[in-house]
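Trainee: Right, I'll just put the structure down here and ask away after.
The values are calculated or read from the model by the stated rules, or taken from the named source; none is laboratory data. The structure displayed is predicted, hence computed values, not measured ones. With ideal geometry, Cβ positions are generated from the backbone for all residues, glycine too; neighbour counts draw on all protein chains shown.
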Amino acid sequence: MGTILTLAAKDLRRRAAAPGPVLLNLAIPLAIAGMLALAFGGGTGGGADPPPLKLVLVMLDEGPLSEFLSGASQNSQTAGRLEVLRAKDRQEGLARLREEEAAAMALFPEGFTRDLIEGRQAVFELVKNPSQSFMPLVAEQGAEVLSLYLTVGRRLLGDDAARLQGMLEGEGWSDTAGLALALASLYGRIQSADGMLFPPLIETGEPAGDPGEARGGFDFMSWMYPGMLMMGLLFLGAGQMRDLLMERQAGTLRRQLCAPVAAWQVVASKVLSAALVVGAAHVLLMGAGSAFFGVRWGSALPLALVSALIVAAVTGFCALLFALVRTERQGDAVSGIVIMVMSLMGGTFIPPQALPEAMRGMAYVTMNHWGHDALRELASGKGWAAVAAHAAALAAMAAAFILAGTLLLRRRHVRGAL
Amino acid sequence: MAREDLRLTLRDRSSIFWIFLAPFLWVWFFGFLARPADPSGRQVSLTVFQEDVSAAAERMIELMKGAGLKLAVVPPAGERPAKAPARSITIPAGFGESIAARRKVTLPFSQGRDANPEGTIAVEVAVHKASVRLLAEEAFGTLDPAEDAVKLESSWATDRPRPSGAYQTIPGNLVMFVLLSAMTYGAGLLATERRAGILRRIAVSPAGRTDIVLGKLAGRAAVAAVQVSVFVVIGLTVFRIDWGGAPAGLALLLVCLILCAASLGLLAGALFTSGDAASGAGVVATMVMSAMGGCWWPSEVMPGWMRTAAYAFPTAWAMNGLHTLISWGGRTPEVLPHCAVLGLIALAATLAAVRRLDPAR
């Protein structure tokens with residue numbers, strides 16, 4: 001064992017002399033996670049505010065409603081959520097929609113208020129930006145809600161709408177009896193709606209005792225980052241094992257065959273030093289996840305066990321992979337393909353549940369799935385029970401891969417093929 | 001020199017995977033499997049746990065159905081699904097009584113990990129609309145949606161394809177993988193050649209410095225051109241992508257993208273002396289530029305400052321140009337500004353690479 005540790009320590013010193021590739025391998029998952037956090041939130045500063053809805057407003061109507069809508073779009077509640085660009089007509093509106101990358105253009109035609117007051121169906125238009133896919137749908141949903149509120153508001157005014165409009169324009173104030181009747185009727189309707197609609201009596205909220213899955217309880221980065229971490233570790237592990245094939249080219253390992261160390265000790269020391277680098281990278285990536293993306297990794301003991309198993313499984317897998325390829329080029333090609341396919345199928349980017357049913361089962365044969373899912377469970381506050389199956393699967397994979405990888409590498413080494 | 005570079009790249013199995021196979025695996029996975037072609041055309045599912053049997057609860061369910069949701073209703077004594085649904089809402093016991101007594105009532109709403117945000121917004125809006133309509137009916141009597149006082153007419157500014165499904169992933173991956181190949185394999189190969197002293201040896205040949213740099217640039221452009229051609233052809237034949245009505249504009253934009261990617265690959269290769277370092281830095285730079293430029297997701301979901309900052313990178317100009325042609329049906333003159341910016345970036349990167357690439361050093 002002492003020989004293996006000495007060899008591994010020397011190998012680590014050699015690797016530490018050129019840390020560039022390791023640092024670059026660490027930078028890739030961090031860069032991807034950083035972009036995700038900037039775009040969708042989840043950093044230490046909390047979730048990012050959703051981008052404001054950029055809307056072009058073309059108000060051809062000159063009734064009081066247009067003033068109300070224009071004012072409402074600029075009040076403090078909508079500020080920061082809605083960015084309204086004004087245009088004088090449809091043509092200018094369409095030009096602004098395209099040039100300023102707004103989500104949609106809302107056009108209120110001439111006579112909109114009049115139609116509404118006089119009991120005809122009032123129609124307004126929403127023209128969506130075809131070069132966007134998400135925000136135009138948000139604008140449409142908002143416009144549908146506005147349309148419903150205007151309908152409810154019209155119902156509230158009842159038959160007194162025309163009289164009230166006249167009053168707003170300075171007419172009808174001399175008819176005190178009619179005025180009193182209209183106000184009494186309006187008061188009655190407001191009384192019926194009060195406590196029902198202002199604000200609405202029904203609201204949605206988080207279910208009790210379900211913080212992980214509840215609305216708003218889902219932490220995007222705590223879900224996404226473990227996947228990035230696993231993928232990054234696999235690429236890093238492959239890079240470390242690639243070192244064996246570089247040594248094969250330089251003939252340094254062959255020369256060790258005439259040294260007073262057994263072949264298995266050389267191979268074991270190489271696997272051990274690679275595991276130590278992967279382990280250090282795992283700790284660094286977890287630290288970066290906490291520091292930059294606010295990921296809480298959960299209970300220490302299950303986390304330590306899962307982490308150790310992940311490191312062992314990743315190292316064993318990469319050892320086996322590089323025991324099966326002949327050249328560095330083959331190693332690069334095969335490891336890139338295998339790791340990328342495992343990451344896609346294993347749920348690094350998209351949960352397996354979102355895949356077609358026929359493909360979901362494939363996630364369970366990937367190491368990525370067991371690794372990042374265990375970290376995700378722990379990050380969501382769960383403990384031993386939630387990760388027991390993951391730990392068993394990772395342990396089985398680690399044992400099988402390390403054994404097979406080490407034996408195959410030793411055989412190649414003894415034959416002088418390493 | 002360009003032909004030789006192309007030959008060397010195509011001989012490498014790893015580069016074949018990353019240049020020609022990985023992009024389509026990516027496109028297939030994200031564009032074909034994970035998203036339908038038109039998210040606005042699908043019905044969003046919602047499971048309703050009905051714990052109240054009042055008329056108000058029944059009406060609420062009816063109104064949610066009318067709002068376009070695909071409902072799975074679990075009645076009060078019904079068996080709950082073994083697996084938690086993607087989205088669920090509970091109509092609690094005493095819902096009807098609370099409405100009649102004008103007491104506030106909360107409908108617990110849950111969403112699972114696999115619930116996509118577009119669907120969740122649609123569900124929240126639909127539930128809100130159903131509850132407002134229910135309350136308005138309680139206050140004023142029946143409120144038939146067909147007789148609403150206000151009607152919304154919604155349409156798209158053009159009838160062109162929107163950037164979702166393959167229309168987001170094909171342009172996005174085209175831009176990303178062309179840059180990725182140039183900035184990893186292109187840059188790595190050049191850095192390795194410099195380290196091995198191959199450029200110094202070429203310098204003693206009759207080829208001048210300009211010939212060498214242009215040859216290397218053309219080599220990277222040749223690989224990018226092959227990659228872009230494969231993307232366009234597969235887009236047309238497999239994914240049936242409508243690339244817009246301005247083939248000249250599309251060709252010009254893609255040529256500018258190719259030159260820009262090739263020159264950035266050349267610059268990255270000139271900046272690093274180790275192939276691994278050049279490739280690694282190329283991956284990181286490409287990931288950042290692609291994410292900010294709207295290759296990974298629709299750029300409108302990013303904060304405003306990121307959208308503005310993205311225009312410092314070629315990815316944003318290329319993606320905006322492609323959306324202009326594909327989704328707005330733009331003509332060639334409309335992508336000339338995009339081409340000009342990409343061309344300027346290419347020129348600046350080439351000049352910087354020329355300064356660094358002195359074959360005598």
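Trainee: Tell me which residues, restricted to the stretch A:114-165, are more than 7 Å from chain B (Cβ to nearest Cβ), free of Cβ contacts under 8 Å to residues at least 24 places away in the same chain and buried (at least 20 other Cβ atoms within 10 Å of the Cβ).
Mentor: Within the stretch A:114-165, A:Arg163 is the sole residue that qualifies.
Trainee: With B:Leu336, B:Leu351 as the choices, which residue is over 22 Å from the mean Cα position of the chain (by Cα), modelled with pLDDT under 95, surrounded by fewer than 18 Cβ atoms within 10 Å (Cβ to Cβ) and assigned to a helix (DSSP H, G or I)?
Mentor: Numbers: B:Leu336 fails: modelled with pLDDT under 95.
Unique residue meeting the criteria: B:Leu351.
Trainee: Quick check: anything in the stretch B:131-147 surrounded by 21 or more Cβ atoms within 10 Å (Cβ to Cβ), at pLDDT 90 or above and of a type in the set (S, T, N, Q)?
Mentor: Within the stretch B:131-147, one or more residues are surrounded by 21 or more Cβ atoms within 10 Å (Cβ to Cβ), at pLDDT 90 or above and of a type in the set (S, T, N, Q).
Trainee: Same structure again: Of all residues in the stretch B:144-168, which are more than 7 Å from chain A (Cβ to nearest Cβ) and more than 29 Å from B:Trp297 (Cα to Cα)? Spell out the reasoning first.
Mentor: So in the stretch B:144-168, the residues more than 7 Å from chain A (Cβ to nearest Cβ) come out as B:144-147, B:159, B:161, B:165-167.
B:Asp144, B:Pro145, B:Ala146, B:Glu147, listed by residue number.
Trainee: Would you point out the residue of the stretch A:338-353, among those that are touching a Lys or Arg at 6+ places or on another chain (Cβ under 9 Å) and at the interface with chain B (Cβ under 8 Å from one of its Cβ atoms), that is modelled with the highest pLDDT?
Mentor: Across the stretch A:338-353, the extreme among qualifying residues is A:Pro351.
Trainee: Given the conditions (1) over 17 Å from A:Gly205 (Cα atoms); (2) touching a residue at least 12 places away in the same chain (Cβ under 8 Å); (3) hydrophobic (A, V, I, L, M, F, W, C), which single one is not true for B:Ala126?
Mentor: (1)
Trainee: Further question: Looking only at residues that are part of a helix (DSSP H, G or I) and in contact with a strand residue (DSSP E or B) (Cβ under 8 Å, 6 or more places away or on another chain) in the stretch A:275-308, which one is surrounded by the most Cβ atoms within 10 Å (Cβ to Cβ)?
Mentor: Start the filter on the stretch A:275-308 by keeping residues that are part of a helix (DSSP H, G or I), which leaves A:275-293, A:300-308.
Now narrow it down to the ones that are in contact with a strand residue (DSSP E or B) (Cβ under 8 Å, 6 or more places away or on another chain): A:292-293.
Values: A:Phe292: 17, A:Phe293: 23.
By that ranking, first place goes to A:Phe293.
Trainee: Hey, could you check the stretch B:200-240 for residues that are under 20 Å from B:Ile258 (Cα atoms) and in contact with a Pro (Cβ under 8 Å, 6 or more places away or on another chain) and say which is surrounded by the fewest Cβ atoms within 10 Å (Cβ to Cβ)? Even if it seems obvious, please write down each step before you answer.
Mentor: First pass over the stretch B:200-240, keeping only residues under 20 Å from B:Ile258 (Cα atoms): B:210-236.
Those still in the list that are in contact with a Pro (Cβ under 8 Å, 6 or more places away or on another chain) too: B:212, B:227, B:231.
Numbers: B:Ile212: 18, B:Gln227: 21, B:Phe231: 24.
Checked the stretch B:200-240; the qualifying residue surrounded by the fewest Cβ atoms within 10 Å (Cβ to Cβ) is B:Ile212.
Trainee: Name every residue in the stretch A:184-225 that is at pLDDT below 70 and aromatic (Phe, Trp, Tyr), in order of residue number.
Mentor: A:Phe218
Trainee: Also, quick follow-up: Just one of the numbered conditions (1) within 12 Å of chain A (Cβ to nearest Cβ); (2) at pLDDT 80 or above is not true of B:Pro75; which one?
Mentor: (1)
Trainee: Scan the stretch A:378-418 for residues that are touching a Ser or Thr at 6+ places or on another chain (Cβ under 9 Å) and among the hydroxyl-bearing types (Ser, Thr, Tyr) and jot them down.
Mentor: Taking the stretch A:378-418 first, the residues touching a Ser or Thr at 6+ places or on another chain (Cβ under 9 Å) are A:378-384, A:386, A:398, A:401-402, A:405.
A:Ser380, the sole residue that qualifies.
Trainee: Only residues in the stretch A:370-384 that are farther than 13 Å from A:Tyr225 by Cβ count as the first member; pair them with residues that are among the aliphatic types (A, V, I, L, M), Cβ under 6 angstrom, at least 6 apart or cross-chain, and list the lot.
Mentor: A:Trp370/A:Ala393; A:Trp370/A:Leu394; A:Ala374/A:Val306; A:Ala374/A:Val387; A:Glu377/A:Ala386; A:Glu377/A:Val387
Trainee: Further, regarding this structure: What number of residues in the stretch B:45-90 are closer than 23 Å to B:Asn116 by Cα, in a loop (DSSP other than H, G, I, E, B) and not charged (D, E, K, R)?
Mentor: Count: 7.
Trainee: Of everything in the stretch B:278-314 that's within 14 Å of the chain's Cα centre (by Cα) and in a loop (DSSP other than H, G, I, E, B), which residue is nearest to B:Leu174 (Cα to Cα)?
Mentor: B:Cys295
Trainee: Next question, about the same structure. So which of B:Val288, B:Val301, B:Val335, B:Val284 ends up being closer than 30 Å to B:Gly197 by Cβ and within 14 Å of another protein chain (Cβ to nearest Cβ)?
Mentor: On the way: B:Val288 fails: closer than 30 Å to B:Gly197 by Cβ; B:Val301 fails: closer than 30 Å to B:Gly197 by Cβ; B:Val335 fails: closer than 30 Å to B:Gly197 by Cβ.
Being closer than 30 Å to B:Gly197 by Cβ and within 14 Å of another protein chain (Cβ to nearest Cβ) holds for just one of B:Val288, B:Val301, B:Val335, B:Val284, which is B:Val284.
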